[in-house]
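K.L.:
Just passing along the structure, written as structure tokens.
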Amino acid sequence: MPVQHQRQLRLQATADGADDLPTLLETVVSPKAEDHDLAGAASDYETDDEEDEALVSPTFAPAAEGGDLSAKRDASPRHRKRRRCAAPGAAPASSLAVPAFDAAGVKPYSLRDSVAERLANARFRAPSARGTLHVGAEFEGFQQSNDCQYKVKVTVQNVDLHTSHMSGFLEIHGLTDAQPEITTYFDGELIGPRYSFLTRAWDADEATDRAHWDKFPEFAAFAERFNADGFALPNPGSSEARESGDVVFMRWKERFLVPDHRQTTVEGASFSGFYYVAMNVRTGTLTGYYFHVMSAWFQRLDLEYTGVLGFPSFEMR
């Protein structure tokens, strides 16, 4: 306060009889408390180039000066100002992250997790093969019945050496005049641990099995023990089976006509029987004998491997 003003106050105080000049001076010189708070609040919102720069890249006192840096940062006016200026109702950045589980304890849906889980639980079955016995293999040749010969084509649709199973389509031409071309779907049983040489089905007894299997020269090695308890060939896909020879024994059972599976009979023909089959998977030659209790015995099937139809596939289920 200027000296002239102080003299005037002193003279006024003497005239009024006031003896507490320091209190009077403090009242005049010091601002009110509320004025000080308002001034401090206003200073928090004053911005200049230095403060703007501090908001972008704040600097803190070294740790050696004492105290927690994060605590100093949170308590600094600049950071208080930044929090104060945030949009009303805005959620903190940490709350925007997707929680691992919701309030009910259920994990939120994730497309990536869903696909990964389904793939992990899915069962993929790749096609198995051994030589010319594979998915898409085609065989062509003839079936001989007495003095008649009919053209035959077989297309393999599925091969599963693990379960000793295969399937396909069999086309035969010229068997009847009413239906010149007949196509049937068949299931194949591969002789091994799961299916023995003994059929035990489709009207075939042990004598029938022996009579038909004896037609194959490769069967001679098993003729004395094929019906013994516990006897079984190794799995056709195993290394033991591959080392023991190139011939795979099978039974092909025709199931239904294609494309109309509801047709159960064909005049002048029968597909109620099955074939005894031996295939050399190295050379691709195939020999079979058809059996049906009401048909002529030993109708011979001779086929040769001709190539591949389409591409291998896999099954997922």
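The values are calculated or read from the model by the stated rules, or taken from the named source; none is laboratory data. Small disclaimer: the values here were computed from a predicted structure and weren't measured. Every residue, glycine among them, receives a Cβ derived from its backbone with ideal geometry; neighbour counts consider all protein chains shown. Note: accessible area is taken over every heavy atom of the protein model, side chains too, but ligands, DNA and RNA are not part of it. Shrake-Rupley method; radii C 1.70, N 1.55, O 1.52, S 1.80 Å.
K.L.:
Can you list residue pairs whose Cβ atoms sit under 6 Å apart, with the first residue in the stretch 142-153 being closer than 13 Å to ASP302 by Cβ and the second being among the small types (Gly, Ala, Ser)? Count only pairs 6 or more apart in sequence or on different chains.
P.N.:
TYR150/GLY174; VAL152/GLY141
K.L.:
Here's something else I'd like to know. Taking GLU171 as meeting all but one of (1) open to solvent by 10 Å² or more (accessible area, probe 1.4 Å); (2) in a loop (DSSP other than H, G, I, E, B); (3) in contact with a Ser or Thr (Cβ under 7 Å, 6 or more places away or on another chain), write down the number of the exception.
P.N.:
(2)
K.L.:
Moving to a separate point now. Tell me which residues, restricted to the stretch 293-310, are surrounded by fewer than 13 Cβ atoms within 10 Å (Cβ to Cβ) and part of a loop (DSSP other than H, G, I, E, B).
P.N.:
VAL293, MET294, ALA296, TRP297, LEU309, GLY310
K.L.:
Are there strands (runs of 3 or more DSSP E) fully within the stretch 184-292 with at least 1 residues that are touching a His at 6+ places or on another chain (Cβ under 7 Å) and touching a residue at least 60 places away in the same chain (Cβ under 8 Å)? List them. Step through it out loud before you land on a result.
P.N.:
On the way: elements: 247-258, 274-280, 285-291.
The strands (runs of 3 or more DSSP E) meeting that bar are 274-280, 285-291.
K.L.:
Moving on. May I ask you to verify whether ARG251 is in contact with a strand residue (DSSP E or B) (Cβ under 7 Å, 6 or more places away or on another chain), within 18 Å of THR183 (Cα to Cα) and open to solvent by 10 Å² or more (accessible area, probe 1.4 Å)?
P.N.:
Considered against the rule, which asks whether it is in contact with a strand residue (DSSP E or B) (Cβ under 7 Å, 6 or more places away or on another chain), within 18 Å of THR183 (Cα to Cα) and open to solvent by 10 Å² or more (accessible area, probe 1.4 Å), ARG251 comes out as no.
K.L.:
Still on this structure, please answer the following. With respect to GLY131, is the statement that it is under 27 Å from ALA232 (Cα atoms), in contact with a Pro (Cβ under 9 Å, 6 or more places away or on another chain) and not polar (S, T, N, Q) true?
P.N.:
Working: under 27 Å from ALA232 (Cα atoms): yes; in contact with a Pro (Cβ under 9 Å, 6 or more places away or on another chain): no; not polar (S, T, N, Q): yes.
Criteria not met by GLY131.
K.L.:
Which of the residues belonging to the stretch 201-221 are aromatic (Phe, Trp, Tyr) and over 17 Å from GLY245 (Cα atoms)?
P.N.:
Here is the first cut: in the stretch 201-221, the ones aromatic (Phe, Trp, Tyr) are 202, 213, 216, 219.
Across the stretch 201-221, the qualifying residue is only TRP202.
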